[in-house]
Structure formats: C-alpha cells, structure tokens
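Structure first, then comments.
The values are calculated or read from the model by the stated rules, or taken from the named source; none is laboratory data. Because the structure is a prediction, the values reported are computed rather than measured. Here the Cβ positions follow ideal geometry from the backbone for every residue, glycine too, while neighbour counts run over all protein chains shown. In case anyone asks, the SASA skips ligands and DNA or RNA and just uses the protein heavy atoms, side chains included. Shrake-Rupley method; radii C 1.70, N 1.55, O 1.52, S 1.80 Å.
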Amino acid sequence: MQELTLESWLEGEQRNYGLAADLALLVAGVAKVSRDISRQVECGALAGVLGLHGTENVQGEEQKELDVISNEMMLKAVFETGVVAAAASEEMDHALASPAGERKPYLICFDPLDGSSNIDINVSIGTIFSVLPNPREDASAPEDADFLQPGQRQLAAGYVIYGPQTQMVFTLGRGVVMFTLDPRSGSYILTASNVQVPEAAKEFAINCSNMRHWEGPVKRYIAELLEGTTGVRGKDFNMRWIAAMVAEVHRILCRGGIFMYPRDARDPSRPGKLRLMYEANPMSWLMEQAGGRATNGHERILGIKPEKLHQRVAVFLGAKEEVERVTDYHAKNFTL
Ligand code: AFP
C-alpha cells in the first residue's frame, strides 16, 4: 500500500479542494508539536515530567507538570507558524496574542493535555484543538471576546491521542481523517479517511458515580440502557469510561456508541463539566462530520454562541439515533 504522509495529504487538499496554504501550515504545525508532546508522554517518569506542577488553572483544577509543559510547547509551535493571531487554552486565564506584526488569519483554542488524571497512571490522554477565523481586520491583538464565536465557524478541529499508538484525527469540513504516527520515521501516515460513526450503538460512556445528581431525562435514558434485553431497548449495551474525552471520542469514531457528560446538580452554576470552546466544539464538529450528532441535551452544540472563554456545557455526542433519543427525552422532560 502506498503510504500517504500528512504533508502530502495537505498538499493534495490545497491542490484539489482549495485548502488555504495558511491553514495547512497550522495543521502541520500542530502535528509537528504533537510528535514532541508524544515523546514527553512516552518517557513519563524517565523525563521527569510526571506529578503535580503545584499550581491551579483558571478553573481551580490542579495543574500537572505535563499540562504546563505541553501548554508551553503548543503556544510556541502555533505562534511559530506565523498564521495565529492569538491562542486560548484550558491552562491560561486569558487568550494570548501573538507577538506584534502583520495581521494573522487564525485564532486557536486548545486543551493541551486532556484527561490529566490519566497522566500518572499511563492511560490514554490527548491534545484537542479548534481553529477559528480571526475576526479582526487589522493587526491589532485579539482578546477573549474575539474567540466567542459559535463552533459552526470552526475552520479546522481535531485531537491527537497519545495511546498505544499516537494518532491525529481531524476535520477541515470535508469528513474526518485519521493519521497514525510512525515511530520509526516520525511521520504521520493516513490510516483512515471518511470516518463514519457506526449507526447502531452498542456502548455508552458516562461517569455513573454522578448518577444521583443527574436530571430526570438522563436518569431515564440510562435506566433504559441498563435494562438491556429485558427493557424497552430490547438489547444489551456495554459501558466504558476512560475519563479522557479524547479517548472516548476516539472509541466512538472507531467503534460507535454515545458519550455523555450531562449537566448535574452538584453545582447549579456549572452547566456540565466540559468546556465548550476547546473540548465540546471540536469534538462535536468531528462527530457531525462523521455522521453523528452532538447536543447539550437541548440544542446543537455547534450553534451555541459562547459567552465566556472557559464556558462549560453539557455534552451528548456520538451515534445519531442515540443522541437524538436522549435530546428528545430532554424536550419531553422525561423522568424515571
Ligand atoms: P482535564 O481536561 O482537566 O484533563 O479533564 C478531562 C475531562 O474534562 C474529560 O476529558 C473527561 O471526560 C472528564 O474530564 C472526566 O471527568 P470525571 O473525572 O468527572 O469523570
């Protein structure tokens, strides 16, 4: 089989589908730094990168050493492409503008290392990214408010999963592609294109320890899944929870199912745990591009106009039929 590297694939997209050279440069930049992050992840304790950093991020979460290292690496890499006007990250209170110069076309949001609680136990983690247009027509420095665009405006979005293999999965709005890092050559090689979420779901992912806090529609939906062949669904479902959204989304893209992090009653001021701009939006676009769906239980996530950079949102994403069903349970205000 002829191997297609990420660089050759991006050239083909420019030639055949008019992909902007600047955007190709940015995607290649993310790929390049992800190889370096992957190496740090691989070495773990040997590189002295495990454990706590001793600081908290803007959301009051303890930062791990690798969170901080990968954030620095991402910032350096995206600014080095010369096409990013500002970057926003889970690990920074506010957006950071690129060093002054001419106008640059893109904003980028990222979670440099998703699934931090997995870092020290050698379980899959990942980097999530989302590229938006820079709404400023001049070279002035973008601020947080410039990022507050709905997910449907994304120009590129995806993730890199650091698991048994390192894979980069993304969309530029023409389907979902998967590249696998060949550790021998250091190149990303195309291993799947036009990825589609299987229609029939057999698995679901939700943190069941929060069950007592869920709203009625979620309790009802999960209770029906758990009833298996003896209930209204008439079939058994399996359950998985990796505690890294990257890994859950990757499984769903490969094998199907539904992922949920619903709003719950633990803290009524927080509409869910996941962050809209750099977790839910990119993953929702991937799901839609793969024939799946993504809602907050009520509306399409990609249509939500963000009010804050670190806004949280409830997330239901994956197989179309399942997401539509649980969204319908919310509309009908079903309960147990
Ligand atoms: P971090 O981005 O802080 O690493 O958190 C990961 C995450 O937001 C998401 O990837 C998981 O689905 C979720 O947390 C797991 O949360 P619980 O620990 O509440 O199950």
- Here is a list of conditions, (1) within 26 Å of residue 305 (Cα to Cα); (2) open to solvent by less than 40 Å² (accessible area, probe 1.4 Å); (3) more than 16 Å from the ligand (Cβ to nearest atom); (4) part of a helix (DSSP H, G or I), and residue 228 meets all of them except one; can you say which number that is? (1)
- Query: Before we move on, is residue 220 outside the structural domain of residue 133 (by TED's automatic domain parsing), within 14 Å of the ligand (Cβ to nearest atom) and open to solvent by 10 Å² or more (accessible area, probe 1.4 Å)?
  - Reply: no
- Inside the range 168-180, the number of residues satisfying the requirement of being touching a strand residue (DSSP E or B) at 6+ places or on another chain (Cβ under 6 Å), in a strand (DSSP E or B) and either acidic (Asp, Glu) or surrounded by 22 or more Cβ atoms within 10 Å (Cβ to Cβ) (or both) is 4
- Task: Select, from 120, 138, 146, 93, the only residue that is modelled with pLDDT under 95 and outside any strand (DSSP E or B).
- Result: 120
- Only one of these is out of contact with any Ser or Thr (no Cβ under 8 Å at 6 or more places or on another chain) and free of Cβ contacts under 8 Å to residues at least 40 places away in the same chain: 140, 130. Name it. 140
- Please go through the range 38-63 and pick out each residue that is open to solvent by less than 60 Å² (accessible area, probe 1.4 Å) and in contact with a strand residue (DSSP E or B) (Cβ under 6 Å, 6 or more places away or on another chain). 38, 41, 55, 57, 63
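Which is touching a strand residue (DSSP E or B) at 6+ places or on another chain (Cβ under 9 Å), within 30 Å of residue 17 (Cβ to Cβ) and outside any helix (DSSP H, G or I), of 161, 242?
So the residue among 161, 242 that is touching a strand residue (DSSP E or B) at 6+ places or on another chain (Cβ under 9 Å), within 30 Å of residue 17 (Cβ to Cβ) and outside any helix (DSSP H, G or I) is 161.
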- Filter the range 262-282 down to residues that are touching a residue at least 24 places away in the same chain (Cβ under 8 Å) and within 26 Å of residue 332 (Cβ to Cβ), then give me how many there are. 12
- Query: Could we say that residue 94 is touching an Asp or Glu at 6+ places or on another chain (Cβ under 6 Å) and closer than 24 Å to residue 267 by Cβ here?
  - Reply: yes
- Task: From the list 274, 286, pick out the single residue that is at negative phi, open to solvent by 10 Å² or more (accessible area, probe 1.4 Å) and within 16 Å of the ligand (Cβ to nearest atom).
- Result: 274
- Query: residue 13: of a type in the set (Asp, Glu) and open to solvent by 40 Å² or more (accessible area, probe 1.4 Å), yes or no?
  - Reply: no
- Item | Candidate set from the range 44-89 (those that are part of a loop (DSSP other than H, G, I, E, B), at pLDDT 95 or above and not aliphatic (A, V, I, L, M)); member that is farthest from residue 26 (Cα to Cα) | 82
- Query: Within the range 182-213, can you find the residues that are in a strand (DSSP E or B), more than 20 Å from residue 244 (Cα to Cα) and open to solvent by less than 40 Å² (accessible area, probe 1.4 Å)?
  - Reply: 182, 187, 188, 189, 190, 192
- Query: residue 212: within 16 Å of the ligand (Cβ to nearest atom), more than 23 Å from the chain's Cα centre (by Cα) and not polar (S, T, N, Q), yes or no?
  - Reply: yes
- For the range 297-323, which residues satisfy the criterion of being part of a helix (DSSP H, G or I) and surrounded by fewer than 13 Cβ atoms within 10 Å (Cβ to Cβ)? 303
